[in-house]
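Colleague: Below is one structure. I have some questions about it.
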Amino acid sequence: GCGQIMTHHIAAMSALPPGEFCISALVDPSSERRGCISELVMRAGASHLAPSDGMGMFDALGDLLAAPESKPDAVFISVPHDLHVALAQQALDAGLNVVMEKPLAPTTEGCRTLLDASAASSGMLIISEQSPYWEEVVKAKDLLRGGKIGNLISASSYYYESMRDNVTSGLDDAGGLGWRASLKRAGGGIVIDGGLHWIRPIREFCGEVDSVVGVTSNAEPALKMEGETLAHALLKMAGHDGMVATFSANMMHQAPMAHDVCPYFRLTGTKGELVIYGTGLNMDGGGGLRLYDGDSPEGVDLFPRDRRGGFFLGFRGIWRAVSEILATDDRSRARETVRSAAADVGVALALYRSSESGQWEKCEQFGN
């Protein structure tokens, strides 16, 4: 797939040392999209990603697989959600290593299919969820483990984006969100899309989610979405003796949003708090982590507020991890990316069920 999100993955790969990755071929039914990504790769900042004899160009994955001289070490799948299962399974059945964008799949059945397929294949499946490599999240996890704010007693997350500022998926020619607006293609709205990037850190901080109660609604008609644009939920954590975290998500069309006052995450412990904040989902958007404890009751910034990149720096982290997994054939680490991606989807689907039933809904347990 050669959609817009590929530009961020290429930027992340190009920031790694030369020789880590080489993009041998591009696969997309649109020659125009392939051309745009090819031009991006050939620019000075990313030119070391291109092979000296040029990149192959294919309309479909099957065409790539039918060309033995083009067989890659790994395939990166970045396509609409409804295509994840079929394409990942096709590549795994061919014995290829597969790196794929989240979500693992938009349904419970799809997640189980890919968990089984990845276990049976000689190739590895790796899900490229970048939020565990978001530097603020990594640092906050270290501080939590070190007892910096004592015992964690509550956690809250707030995912918000406006298409006025978001650069990961711009509006289409009709002013909508293209395939992201389709329930059939995306499997839901904001929760199973960008919201997964905020569900994962809550799980990283607090452990597994046992059950969910919440509501969703389509509150922004200008986005022309079939799925939800707004969600609020309580997440009952399995390993914290009934601890409940909060999750909120909000997507707007062109409205400015209060990035400067609303934190992404707030973690409260018996000895203080950690707050992760940012200034929007754009490449100039900053990120930050602020600690409140006995030594700094007014708060101290652990990352400079004017630091650029924020959430997007996590793309580099995931590609470093992918490089390590492929180089060492670390099937256990690859398997964990799949299992954890399935658990993220389980939380989203439980929220959807709860919005319909008005009751607590158990999260699907996918095991190991």
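Colleague: What residue, among those in the range 218-232 that are of a type in the set (Asp, Glu) and under 16 Å from SER355 (Cβ atoms), is least open to solvent (accessible area, probe 1.4 Å)?
Modeller: GLU228
Colleague: Somewhere in the range 294-314, is a residue basic (Lys, Arg) and within 23 Å of VAL244 (Cβ to Cβ)?
Modeller: Looking for residues that are basic (Lys, Arg) and within 23 Å of VAL244 (Cβ to Cβ), one finds none in the range 294-314, hence no.
Colleague: Determine if the range 14-23 includes at least one residue that is under 30 Å from THR107 (Cβ atoms) and open to solvent by 20 Å² or more (accessible area, probe 1.4 Å).
Modeller: We begin by selecting, within the range 14-23, every residue under 30 Å from THR107 (Cβ atoms); these are none.
Scanning the range 14-23 turns up no residue that is under 30 Å from THR107 (Cβ atoms) and open to solvent by 20 Å² or more (accessible area, probe 1.4 Å).
Colleague: Any residue at all in the range 289-309 that's under 18 Å from the mean Cα position of the chain (by Cα) and either under 19 Å from ARG200 (Cβ atoms) or crowded, with 18+ Cβ neighbours inside 10 Å (or both)?
Modeller: Keep residues of the range 289-309 that are under 18 Å from the mean Cα position of the chain (by Cα), which gives 309.
Remaining after also requiring either under 19 Å from ARG200 (Cβ atoms) or crowded, with 18+ Cβ neighbours inside 10 Å (or both): 309.
Yes, there is a match, as at least one residue in the range 289-309 is under 18 Å from the mean Cα position of the chain (by Cα) and either under 19 Å from ARG200 (Cβ atoms) or crowded, with 18+ Cβ neighbours inside 10 Å (or both).
Colleague: What is the number of the single condition among (1) among the aliphatic types (A, V, I, L, M); (2) open to solvent by 40 Å² or more (accessible area, probe 1.4 Å); (3) within 17 Å of VAL322 (Cα to Cα) that MET57 does not meet?
Modeller: (3)
Colleague: Let me ask something additional. Would you pick out the residues in the range 233-251 that are part of a strand (DSSP E or B) and either of a type in the set (S, T, N, Q) or open to solvent by 50 Å² or more (accessible area, probe 1.4 Å) (or both)? Spell out the reasoning first.
Modeller: Filtering the range 233-251 down to residues part of a strand (DSSP E or B) leaves 233-237, 244-251.
The answer is LEU234, LYS236, VAL244, THR246, SER248, ASN250.
Colleague: What is the number of the single condition among (1) at pLDDT below 95; (2) open to solvent by 30 Å² or more (accessible area, probe 1.4 Å); (3) on the phi < 0 side of the Ramachandran plot; (4) small (Gly, Ala, Ser) that ALA50 does not meet?
Modeller: The failed condition is (2).
Here's the yes/no breakdown for (1) touching a Gly at 6+ places or on another chain (Cβ under 8 Å); (2) modelled with pLDDT under 95; (3) closer than 25 Å to CYS111 by Cα:
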| position | (1), (2), (3) |
| --- | --- |
| GLY314 | no, yes, yes |
| ALA321 | no, no, yes |
| SER332 | no, no, yes |
| PHE366 | yes, yes, yes |
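Colleague: From the list ALA327, ALA258, ALA348, pick out the single residue that is open to solvent by 10 Å² or more (accessible area, probe 1.4 Å), outside any strand (DSSP E or B) and either farther than 23 Å from GLY123 by Cα or of a type in the set (D, E, K, R) (or both). Outline the logic, then answer.
Modeller: Working: ALA327 fails: either farther than 23 Å from GLY123 by Cα or of a type in the set (D, E, K, R) (or both); ALA348 fails: open to solvent by 10 Å² or more (accessible area, probe 1.4 Å).
Within the list ALA327, ALA258, ALA348, the selection yields ALA258.
Colleague: Sticking with this structure for a sec: Could you tell me how many of the residues in the range 25-44 are open to solvent by less than 60 Å² (accessible area, probe 1.4 Å) and closer than 25 Å to PHE312 by Cβ?
Modeller: The initial filter retains those residues of the range 25-44 that are open to solvent by less than 60 Å² (accessible area, probe 1.4 Å), namely 25-28, 30, 34-35, 37-38, 40-41.
Pick out the ones that are also closer than 25 Å to PHE312 by Cβ and you get 26-28, 30, 34-35, 37-38, 40-41.
Here the count works out to 10.
Colleague: Can you tell me which residues in the range 189-217 are open to solvent by 10 Å² or more (accessible area, probe 1.4 Å), under 21 Å from GLN359 (Cβ atoms) and in a loop (DSSP other than H, G, I, E, B)?
Modeller: Passing the criteria: only GLU208.
The values are calculated or read from the model by the stated rules, or taken from the named source; none is laboratory data. Computed from a prediction, not measured in an experiment: that's the story for all the values here. All Cβ positions, glycine included, derive from the backbone under ideal geometry; neighbour counts span all protein chains shown. Note: accessible area is taken over every heavy atom of the protein model, side chains too, but ligands, DNA and RNA are not part of it. Shrake-Rupley method; radii C 1.70, N 1.55, O 1.52, S 1.80 Å.
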